[in-house]
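Worksheet for the structure shown next.
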Amino acid sequence: MAKAKRKFVCQQCGSVASRWQGQCEDCGEWNSLVEEAAETVFAAKHHLAGGGRALQLVALDSDIALPDRTSTGIAEFDRALGGGLVAGSATLIGGDPGIGKSTLLLQASARVAMRGLSVAYISGEEAADQVRLRAQRLGLGRAPVQLAAATSVRDILTTLDEGPPPALLVIDSIQTMHSDLIDSAPGTVSQVRACSQELIRFAKSRGSALVLVGHVTKDGSIAGPRVLEHMVDTVLAFEGERSHQYRILRAIKNRFGGTDEIGVFAMVSEGLEEVANPSALFLTHRDESVTGATVFPALEGTRPVLVEIQALVVRLASGATPRRAVVGWDSGRLAMILAVLEARCGLSFSTCEVYLNVAGGYRLSDPAADLAVAAALISALAERPAPADVVLFGEVALSGEIRPVAHAPLRLRESTKLGFTRACVPAAVSDGVTGISLSGYRTLAQLVDQMLGRG
């Protein structure tokens, strides 16, 4: 009998090595190779051109109905999902420990169950009594949710097959599940892949909406093999700092909707509360003008969110190397804005330390924030506060040109609703909105001249 070959699988990227080594050659992660049982190799003795069943091919232009969606009862959750849960779909939710994943899913499960739909909540990390106590604290103790604490996928599927399938099946979390067909510990690549495949097969065949909770690594990405994200239909990331009140549910992948919508929540004593006006979380209410503070209308999908950008410039007299620190924005883009201000506008930051912060712990990736960041830096350097009723947006090119950005009318309308009366925008923006006056700029030097009172 041939000796079974040993294999070592990377727990981060899923690559296979024939021997153990300290670092994975594919992803570069250290101490991530774990020995797993070798799989049986099947050698086909004949070609595969016959013996199968014929597939039914359909035309691309065939009529198809939109999938029916089940509302979770939480509008912000439905927004991130694209309108609600789809029957037979698989959704993966990842986030830092303690961010509120279990709380959100328990609230959604209770609201779905209270509408008369069957819901099964399987907890692999907590005992049933712990989940029941949390539900009582949230005021959901009377919700008819079917609760169980289990980690065996065989036991879970055997139990669910005994009756009608649930409309919603929650697995908290997938890293704690294990299959007795795989000879490895729970949480390994083989176990996560096999357990997810069996649960997704059940959801697809029985029409249940499956929601999986996933752990995240230290860099914020979902733990386990990347194939897990390809297996599911929707991947949601639950973001936020535990020291801050707000939480953002962001869609990373969605086969039944867009990935440009977010749901905003606030953590309160009664659980997660929906935030209808997210701008209120990220705007500072100040009675007097402050230097280095500007307001930028960010855009998350179709939802504008006004955030405050804060800059601090500290002059160094000792000639030491100045520091650049950024929180909530790209440090490389800050370096580019500083270079444009020096090369194109005649401002010098070479002897100054620069600190940039997006208020409220918000993270910006929109290039339209360039103009607001530049204005905050100019205001901090010149110690001249920007007007409190002004919003700014526009992309800054290396030539110093201010380029137009997408959805300018939407940003302006949201700014008007919150009481802003003026906007500094690219000169190409011509669509005015009633109630707000526009100041167009072709180059960043024009904005610098106005803020510093030149010419």
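The values are calculated or read from the model by the stated rules, or taken from the named source; none is laboratory data. Because the structure is predicted, anything quoted here is derived from the model rather than measured. Positions of Cβ are generated from backbone atoms using ideal geometry, with glycine treated the same way; all protein chains shown enter the neighbour counts. Keep in mind that these areas ignore ligands, DNA and RNA; they rest on the heavy atoms of the full protein, side chains included. Shrake-Rupley method; radii C 1.70, N 1.55, O 1.52, S 1.80 Å.
With the structure loaded, tell me whether S289 is over 23 Å from E76 (Cβ atoms), without any contact (Cβ under 8 Å) to a residue 12 or more places away in the chain and not basic (K, R) or whether it fails that test.
Answer is no for this residue.
Would you check which residues across segment 263-284 are open to solvent by less than 10 Å² (accessible area, probe 1.4 Å) and farther than 23 Å from L138 by Cβ and list them?
Within segment 263-284, S279, F282 meet the criteria.
Kindly list the number of the only condition in (1) polar (S, T, N, Q); (2) under 15 Å from P297 (Cβ atoms); (3) in contact with a Pro (Cβ under 7 Å, 6 or more places away or on another chain) that fails for T416.
With respect to (1) polar (S, T, N, Q); (2) under 15 Å from P297 (Cβ atoms); (3) in contact with a Pro (Cβ under 7 Å, 6 or more places away or on another chain), T416 is out only on (3).
So which residues in segment 268-302 are in contact with a helix residue (DSSP H, G or I) (Cβ under 8 Å, 6 or more places away or on another chain) and assigned to a strand (DSSP E or B), if there are any at all?
G271, L272, E274, A293, T294, V295, F296, P297, A298, L299
State whether the residues of segment 205-212 include one that is closer than 27 Å to C27 by Cα and at pLDDT 90 or above.
So far as segment 205-212 goes, yes, one or more of its residues are closer than 27 Å to C27 by Cα and at pLDDT 90 or above.
Can you list the strands (runs of 3 or more DSSP E) found entirely within segment 44-154 that contain at least 3 residues being out of contact with any Gly (no Cβ under 8 Å at 6 or more places or on another chain), buried (at least 21 other Cβ atoms within 10 Å of the Cβ) and not polar (S, T, N, Q)?
Because the criterion is at least 3 residues that are out of contact with any Gly (no Cβ under 8 Å at 6 or more places or on another chain), buried (at least 21 other Cβ atoms within 10 Å of the Cβ) and not polar (S, T, N, Q), the strands (runs of 3 or more DSSP E) in segment 44-154 that meet it are 119-123.
Do you know which residues across segment 154-179 are over 29 Å from the mean Cα position of the chain (by Cα) and among the hydroxyl-bearing types (S, T, Y)?
Within segment 154-179, T158, T159, S179 meet the criteria.
The conditions are (1) in a loop (DSSP other than H, G, I, E, B); (2) open to solvent by less than 10 Å² (accessible area, probe 1.4 Å), and D260 fails exactly one of them. Which is it?
(2)
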